[in-house]
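Working notes, beginning with the structure itself.
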């Protein structure tokens, strides 16, 4: 088993996001992808570790980014401000997870 990882920049509606991809490079054939979403503070080491854990189990793990590249909350007020648009607009949340 050889777990590989890489940062993946992607865009949606003109905004840039930064995902984290993890997979077993020794595996062959198609594998299911499992999305790892972050808590209200934004993506970080915890979510990246979960993506690697999933890769070790035979999945492709992808830690997604809801807020945008480099956007992270640093306190409860900022975190709430970042998450609130997704609580108010569930279709937006679903779109960011596609």
Relative contact order of the chain, pairs being alpha-carbon contacts under 8 Å that are 6 or more residues apart, as %: 28
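Tell me, what does the Kirkwood hydrodynamic radius of region 1-42 come to in angstroms if you use every pair of distinct C-alpha atoms?
One decimal place: 12.5 Å for the Kirkwood radius.
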Computed helical MRE - 222 nm, the chain, DSSP H runs ≥ 4 contributing -39500 (n - 2.57), nearest 500: -10000 deg cm²/dmol
Fewest-first ranking of 66, 54, 93, using other Cβ atoms within 10 Å as the exposure measure: 93, 66, 54
Rg followed by Dmax, in Å, when region 37-93 is reduced to its Cα trace: 12.7, 38
Taking 9, 65 and counting other C-beta atoms within 10 Å, the order from fewest to most: 9, 65
Order of 59, 10 - criterion: other Cβ atoms within 10 Å of each residue's Cβ, fewest first: 10, 59
Rh (Kirkwood; distinct C-alpha pairs) - the chain, Å: 14.1
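The numbers here are math on the coordinates, done by the rules we state, and not lab data. Predicted model, so just to flag it, every value in this text is computed and none were measured. Positions of Cβ are backbone-derived with ideal geometry, glycine not excepted, and every protein chain shown enters the neighbour counts.
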